[in-house]
1. Which ones in segment 23-59 are surrounded by fewer than 13 Cβ atoms within 10 Å (Cβ to Cβ) and within 18 Å of residue 116 (Cα to Cα)?
2. Which ones in segment 1-49 are among the β-branched types (Val, Ile, Thr) and over 19 Å from residue 67 (Cβ atoms)?
3. Six or more apart or on different chains, Cβ under 8 Å: which pairs go from a residue in segment 110-133 that's aromatic (Phe, Trp, Tyr) to one that's modelled with pLDDT under 90 and in a strand (DSSP E or B)? Could you list them?
4. Within segment 93-150, which residues are exposed (fewer than 15 other Cβ atoms within 10 Å of the Cβ) and either at pLDDT 75 or above or touching a strand residue (DSSP E or B) at 6+ places or on another chain (Cβ under 7 Å) (or both)?
5. Go through the residues of segment 3-10 one by one and say whether even a single one is more than 25 Å from residue 143 (Cβ to Cβ), without any contact (Cβ under 8 Å) to a residue 12 or more places away in the chain and more than 10 Å from the chain's Cα centre (by Cα).
6. Given (1) modelled with pLDDT of 65 or more; (2) closer than 17 Å to residue 9 by Cα; (3) of a type outside the set (Val, Ile, Thr), identify the lone condition not met by residue 89.
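The values are calculated or read from the model by the stated rules, or taken from the named source; none is laboratory data. Keep in mind it's a predicted model, so treat the numbers as computed, not measured. Here the Cβ positions follow ideal geometry from the backbone for every residue, glycine too, while neighbour counts run over all protein chains shown.
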Amino acid sequence: MSINVLVLENQADFRKTLCEHIRVAGYRPKEALTLQEINPLISHLHFLAAVVDVRMKDDKDPHDWSGLVEARLIAGSNVPVIILSAYDSAEDVERAYTVSFKELAPRAFISKNSDWPVRLKEELAKIRAEQPHGWSIRLKDFLDGLVSPK
């Protein structure tokens, strides 16, 4: 059984670490860097959640909220969004929620400066426990695996 988690993170080293933590927690990470990569994934696979970095284009630009633009697309597909960012001041968190608009309603904001692997694992477990029809998701994932194997 594989449960997919969509990962949007622009820093390659951190993305690799993040995916490994997701894999160890029992999920299958699927990486995307652009809107063009997200669309086919969301239309063909079921995702338990999406883990999204706020600044996808330029980490040094305080006005780069490109990850939230992508997160809005994901949220529109009814996939819960978890924001994972190194920019975690109260102002940054408030701005992320403001910029993301109400329709995004991020599931959680997790700081990369905290014990993020534990928090992420806990949040994914909560989302999984809330799934009303786990058997149908597992069946869809199984069928998806037959059509497009790992």
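1. 23, 24 - these are the residues of segment 23-59 that are surrounded by fewer than 13 Cβ atoms within 10 Å (Cβ to Cβ) and within 18 Å of residue 116 (Cα to Cα).
2. From segment 1-49, those among the β-branched types (Val, Ile, Thr) are 3, 5, 7, 17, 22, 24, 34, 38, 42; that's our starting set.
Of everything in segment 1-49, those that are among the β-branched types (Val, Ile, Thr) and over 19 Å from residue 67 (Cβ atoms) turn out to be 3, 24.
3. These pairs meet every condition: 116/84; 116/110.
4. Residues satisfying the conditions are 113, 114, 115, 118, 122, 125, 126, 129, 130, 131.
5. Checked segment 3-10: no residue is more than 25 Å from residue 143 (Cβ to Cβ), without any contact (Cβ under 8 Å) to a residue 12 or more places away in the chain and more than 10 Å from the chain's Cα centre (by Cα).
6. Only one criterion is unmet by residue 89, namely (2).
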